Amino acid sequence: MEEILDNFDQLCFDHNLITIKNKILNNERLGFKEAEIIMETRDLNSLGVLAKYKKFLKDGRKIYFVVNRHINPTNICAISCKFCAFGKTKKSSDAYEMSMDQILSLLNEELKEIHIVGGLHPDWKFDKYLEIIREVSRAMPGAHIKAFTAVEIDWFAQISGYSIEKVISELMEAGVDALPGGGAEIFAPEVRKKICSPKTTGDSWLSIHKAAHKLGLPSNATILYGHLESNHDVIDHLEKLRNLQDETNGFLAFIPVLFQPYNTQLKYVKPFPFSYDLKIHALSRLYLDNFPHIKAYWITLGEKAAQVAFHYGVSDADGTIISEKIIHDAGAKSEVGHTREFFVKMIKDSGYLPVERDALYNELKTYD
Ligand code: V47
């Protein structure tokens, strides 16, 4: 594997990256200073080589994907976050609530992962959410259910009076197999206050995932980037996740989510250059050395940019999704879903080996 780095020093024109390369070759952990160098470098290709090297050590040429579907049972939300275009009040003409029949009609035998998240409905009881999980689980014994962000779990604890641990245990009993990574946004309190002040704090998000891991429930983590954050905020976010992962080893994947401004109260935010997306993905791979996977979330990146991100440390392409709403309400330009065949071609066309997986990264099929 070292041969990937054979000519690194000759080709690299940011000499600070050579120090980082030596640390990576010696399997030494990167610190805050090295992360800053990564975020400031102009030698993107050399950075990509380092992230690709780290990815290859873990998975070789494999890029994973899953046949999955997103279900958002309601967009009615008791809180309003400035970055979000999905949440609606009950009175809004765009508000919706899905019936159980509508939810169940979205399922089919092909699905291996069902991702369920939605608004914090002001009238729904915790039992209603449990019932959704029970019914989906009953209808889909061959699929994993990845449901409810830490923000929803915090809400369920408030409306039920249960502890976080009791809420998580009830969800697991109903059929939840993993927690999605949403709601992490950015942990830095000052920026979090500006983009989503009513939301669960960063510390609570972390403690809910810690509780889930302790109860044996794996989860993902995200960062929402491309709004008001600084490089320091990004690195601090990764540092907190790396520390928690050292403690629990419960995270499966990290997902950088690029902010989409349309229809949000942050539409004045100027777009960042594409180099910033690539740096975030490469830094995630290199800094989160204890996370099994980094995802390219093609919904926010766009399909072509996601293919480029495969060369910047990414090992997972998420999946078919079929019908994405949350990010498309905020103007995402990607398709709302894709077929299995699309992923096989997309991954092969980028020079990688497509591996179909389930929600827990068990390998189902390799497409040679
Ligand atoms: O946390 C909302 C994001 C997230 C916007 O765990 C926005 O496998 C960009 O968590 N621009 C939910 N993002 C998505 C999410 C996720 C996605 C894919 C896979 C997994 C996983 C998790 O959606 C929220 C928030 O960060 N979001 N509005 C917006 N305007």
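The values are calculated or read from the model by the stated rules, or taken from the named source; none is laboratory data. Bear in mind the structure is a predicted one, so any value in this text is a computation, not a measurement. Note that we place each Cβ from the backbone using ideal geometry, even for glycine, and neighbour counts take in every protein chain shown. Just so you know, the surface numbers come from the protein's heavy atoms only, side chains and all, with ligands and any DNA or RNA stripped out. Shrake-Rupley method; radii C 1.70, N 1.55, O 1.52, S 1.80 Å.
Which residues, taken from region 151-168, are small (Gly, Ala, Ser) and crowded, with 18+ Cβ neighbours inside 10 Å?
To start, the set of residues in region 151-168 that are small (Gly, Ala, Ser) comprises 157, 160-161, 163.
Once the filter is applied, which keeps residues that are small (Gly, Ala, Ser) and crowded, with 18+ Cβ neighbours inside 10 Å, region 151-168 yields only Ala157.
Kindly provide the set of residues from region 28-41 that are basic (Lys, Arg) and in contact (Cβ under 8 Å) with a residue 40 or more places away in the chain, ordered by number.
Of all residues in region 28-41, those basic (Lys, Arg) come to 29, 33.
The answer is Arg29, and nothing else.
Go through (1) assigned to a loop (DSSP other than H, G, I, E, B); (2) surrounded by 23 or more Cβ atoms within 10 Å (Cβ to Cβ) for Trp205 and report which single condition fails.
(1)
If Lys270 satisfies every condition in (1) open to solvent by less than 30 Å² (accessible area, probe 1.4 Å); (2) outside any helix (DSSP H, G or I); (3) charged (D, E, K, R) but one, which is the exception?
Of (1) open to solvent by less than 30 Å² (accessible area, probe 1.4 Å); (2) outside any helix (DSSP H, G or I); (3) charged (D, E, K, R), only one is false for Lys270: (1).
Checking the condition outside any loop (DSSP other than H, G, I, E, B), within 30 Å of Ile103 (Cα to Cα) and away from the ligand (no atom under 13 Å from the Cβ), which residue from Phe254, Phe343 passes? Reasoning before the result, please.
Working: Phe254 fails: away from the ligand (no atom under 13 Å from the Cβ).
Within the list Phe254, Phe343, the selection yields Phe343.
Residues that are of a type in the set (A, V, I, L, M), in contact with a helix residue (DSSP H, G or I) (Cβ under 6 Å, 6 or more places away or on another chain) and open to solvent by 80 Å² or more (accessible area, probe 1.4 Å), at least 1 per element: which helices (runs of 4 or more DSSP H) completely within region 1-53 meet that?
Values: elements: 8-11, 15-25, 32-40.
Correct list: empty, since no element meets the threshold.
So if I check each of Phe86, Phe65, which one is in a loop (DSSP other than H, G, I, E, B), within 19 Å of the chain's Cα centre (by Cα) and closer than 29 Å to Arg340 by Cβ?
Details: Phe65 fails: in a loop (DSSP other than H, G, I, E, B).
Of Phe86, Phe65, the one residue that is in a loop (DSSP other than H, G, I, E, B), within 19 Å of the chain's Cα centre (by Cα) and closer than 29 Å to Arg340 by Cβ is Phe86.
For every residue, the table says whether it meets (1) buried (at least 20 other Cβ atoms within 10 Å of the Cβ); (2) farther than 14 Å from Ala188 by Cβ; (3) assigned by TED's automatic domain parsing to the domain that holds Phe156.
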| position | (1), (2), (3) |
| --- | --- |
| Lys210 | no, yes, yes |
| Asn220 | yes, yes, yes |
| Asn231 | no, no, yes |
| Asp236 | no, no, yes |
| Leu241 | yes, no, yes |
| Asp246 | no, yes, yes |
| Asn249 | no, yes, yes |
| Leu252 | yes, yes, yes |
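Have a look at His121, His115 and point out the one that is buried (at least 19 other Cβ atoms within 10 Å of the Cβ), on the phi < 0 side of the Ramachandran plot and within 16 Å of the ligand (Cβ to nearest atom).
On the way: His121 fails: within 16 Å of the ligand (Cβ to nearest atom).
Only one candidate passes the filter, namely His115.
Limited to region 128-151, what total is found for residues that are touching a Ser or Thr at 6+ places or on another chain (Cβ under 9 Å) and in a helix (DSSP H, G or I)?
Kept after step one, since they are touching a Ser or Thr at 6+ places or on another chain (Cβ under 9 Å), are these residues of region 128-151: 143, 145-146, 149-151.
Now narrow it down to the ones that are in a helix (DSSP H, G or I): 150-151.
Count: 2.
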